[in-house]
Every structure is written in structure tokens, then in C-alpha cells.
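Here is the structure we will look at, set down as C-alpha cells.
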Amino acid sequence: MGFDWKATLGAVAPLLGTAIGGPFGAIAGQAIGAALGVDGHDEAALSAALQKATPEQLLAIKQADSQFKIDMAKLGFRPEELAVEDRKSAREREIALKDPTVGRLAWTIIGGFFVVSAAQLVALMGWPEMVAKIPGQGWLLIGNISGYLASEAKQAAAYYFGSSVGSKTKDDALATIAKMP
């Protein structure tokens, strides 16, 4: 599997990483390209430069991410508010339409996660000799399905029981405390 430069960019500069795939992609590309010293419109050049980036260049990308946030705020663009508005509008839509589809889908995903998890535990404890015969590719598929269901169940639960914004704030606070002397 090749180098996933967009995932790396998202880890280093989350706002630029998000913007690169959206309507602000050209602006984000220019900022990243300037930090790396390459053409910001050439994805292959960005990928190659990011893969070989020095610590100084990564710091420049982080600084470009901070400046991008400031510039977008001056234009009235607030990513945090967009996320809140998105959740709010989804919930208002559900209340207005009284459509049971979203709830049924959420419960199906959450139930599927519990069924698959329970089936794995039962198989591991009840038939260990059969489980040992499953090839590596089979375990890869089982892991992918389990991971997908876990991720989607988490999203469904967050939709009904609150978003992960508070959790992110807590994680950021803990990270700050961990860096303290």
C-alpha cells in the first residue's frame, strides 16, 4: 500500500487536511505547497514532498494550518460552527419528518456490532481448533467488518446520546496536562 499523504496531512494539519478535499482545496494546496517548497496544485509533488518532509517543513505546515484557520475566521468561516449546525439541522429534519428510517438503521448497526462481537467471542471460546484454521485473509475480512461496525455503532450512539465534541475537548485538555512539566 502506498503512502497516504492526505491522512498524514490530516494528522499534521487537520484544517488544511480537511480543506484540501473541499471547495477551499486550491487555497489549502497553495499553503501546503509554500510550506514544502513545491507546486501546491500538483498532488504528486505534494505527496512526494510530504513523504520526505523535514521537521522544519512539518512545523511550517502546522503554522500554515494555524494561519489558514485565522484567515478563514476573518472571512466568517468557522468550522466548529458548521459541525454544530450540521448536527442541529439533521436532528431538526428527523423531528420534522418523524421518519423512523434513521432510528431503525442506527439500531440495526448497533445490533449488528453486538451480534458480530458476540459471535466472535463464542467462536473463539467454543471452537478454538476451528478458529485456528481460519487463514490470515479471513481474519483480515473479519477485522474489517468488526472495525466498520464498531465505527458506525459509535457514530450512531453519538448521534442519539451526544456528539464527540465534549470528548474531543476532554482529550485535548488531557493532552495539554500531559505536556506540562
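Here, each number is a calculation from the coordinates, and none is a lab measurement. Predicted model, so just to flag it, every value in this text is computed and none were measured. Cβ sites come from the backbone with ideal geometry, for glycine too, and all protein chains shown count toward neighbours.
The phi-based Karplus calculation (6.51 cos²θ - 1.76 cosθ + 1.60; θ = phi - 60°) puts the 3J(HN,Hα) values of segment 124-135 at 5, 8, x, 9, x, 5, 6, 5, 5, 7, 6, x Hz, whole numbers, x for Gly and Pro. When peptides 130-136, 101-107, 37-43 are ranked by their average number of other Cβ atoms within 10 Å per residue, the highest-first order is 37-43, 101-107, 130-136.
Can you sort V116, V122 from fewest to most other Cβ atoms within 10 Å of each residue's own Cβ?
Numbers: V116 17, V122 10.
The most exposed by this proxy come first: V122, V116.
With the cut-off at 23 Å, tell me which of the pairs K6/K62; K6/K52; K6/K74 have Cα atoms farther apart than that.
Working: K6/K62 14 Å; K6/K52 14 Å; K6/K74 26 Å.
Correct reply: K6/K74.
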